[in-house]
Amino acid sequence: MRDVPVPTPGVVLRRCALLCGTLVLVTSCGWGVGDDGGGGLPGAPTGVTAEAGSATTVHVMWNTVEGAETYAVYRGGAVVKEVPASDRMVDLTRLRPSTAYAFTVRARDADGRLGPQSQEVRATTPDAVADDSAPTRPQNVRGRAAGARAAQLTWSAASDDRGVVSYDIHQGGTKVHSVGGGQTAAVVTGLRAGTRYAFTVRARDAADNLSPASAVVRLTTPGSDDGRATAPTALHATSHRADGAYYIDLTWVPPRTDGAVTEYQVHLDGHPATSLVYGGDAPRDRAEYSFYAGQEAGVTHRVRIRARLADGTWGGFSAEREVTTGAGG
């Protein structure tokens, strides 16, 4: 876990985290609930697709399964990748050119139990080619909201001397979807109502050469999102003194979203004060954090916290709490 301080008038912040993690932003390729596997196990993933991304890669996607902690992706009978529940897509690399592959996906719950496997999907990688030229940039990119939780994107086909194999859709700087080279449209799901998004498209050829990104297409999903469903709850703030200074101690319950929340932002007195980022051990039931608040006693601060969600956007703020340095919470 790490601090990323942002200077705030009257408040001195410093690093106080002991564990350093890496943030991985993840977004949605699919959503929905899988079939009930029975016996309390997570269901079988639905909506599984596989698409060759190049001569040596295949992109596999699936829908959300309720109760999943991780997803295991199988090639034949062997696990080739396991990803957290916040991921519903994976690029499988180092494959053989001109080869047919079959994949299935299974959901694993918090107790480590595997649910039933999905339906099998197949993809064939194209022939390998010697090619140093990237495809042209996709043009005429358009986007529209397709309901409150999805966006439909279209573009003009890119050109390549050996042919375009796939198109990658990026949300911000993160790849969130992929379609075959013969397609010039995609639907990105798992979005939030009343939220602004920015997408770009890149073309990929069989040699894994990537085109420049298309122009950015921006859209806003309809509806409203008051943030309550994505806000941390049960925020509690206290203060303690150590080494001649005062610290603010926070505890809260993470929001229930797809996958673990790995990044939070703390606002102090109405301004961003510090951020914390977890690695693979992000808490799911109860989180806590302590940060430096200066050396003066009797100073009252207002504090609240919000989470960065799997789609890359910030969730709603928690309730605001007041805490006074040198006083109990």
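Any read-out appearing in this document is the output of simple, stated calculations on the displayed coordinates, not a laboratory observation. Quick caveat, the model's predicted, so the values are computed rather than measured. Every residue, glycine among them, receives a Cβ derived from its backbone with ideal geometry; neighbour counts consider all protein chains shown.
Observations on the model:
- Lys, Arg +1 and Asp, Glu -1 on Cβ, resulting dipole of the range 42-171 about Cα centre, debye, nearest 20: 240
- Each of Asn209, Val266, Thr220 was placed along the dipole of the chain (beta-carbon charges, centred on the mean Cα), and the one lying farthest toward the positive end is Thr220.
- Each of Arg162 and Ala242 was given a label point 7 Å from its Cα along the Cα-to-Cβ line. The distance between the two points is 5.6 nm.
- The ranking of Trp62, Trp252 by Cβ neighbour count inside 10 Å, starting from the fewest, reads Trp252, Trp62.
- Debye, to nearest 20: dipole size of the chain, +1 on Lys, Arg Cβ, -1 on Asp, Glu Cβ: 420
- Distance (nanometres) between label positions extended 7 Å along Cα→Cβ at Ala198 and Ala110: 3.6
- Ordering of 51-58, 150-157, 289-296 by burial proxy (mean other Cβ atoms within 10 Å per residue, highest first): 51-58, 150-157, 289-296
- From most to least packed by mean Cβ count within 10 Å, the peptides 233-243, 70-80, 106-116 give 106-116, 70-80, 233-243.
- Computed on the Cα trace of the range 49-124, the radius of gyration divided by the Kirkwood hydrodynamic radius gives Rg/Rh = 0.97.
- Rounded FRET efficiency, nearest 0.05, which uses the C-beta distance separating Gln152 from Ala319 and R0 of 41 Å: 0.65
- Dipole magnitude (debye, nearest 20) for the range 85-145, charges at Cβ of Lys, Arg, Asp, Glu: 260
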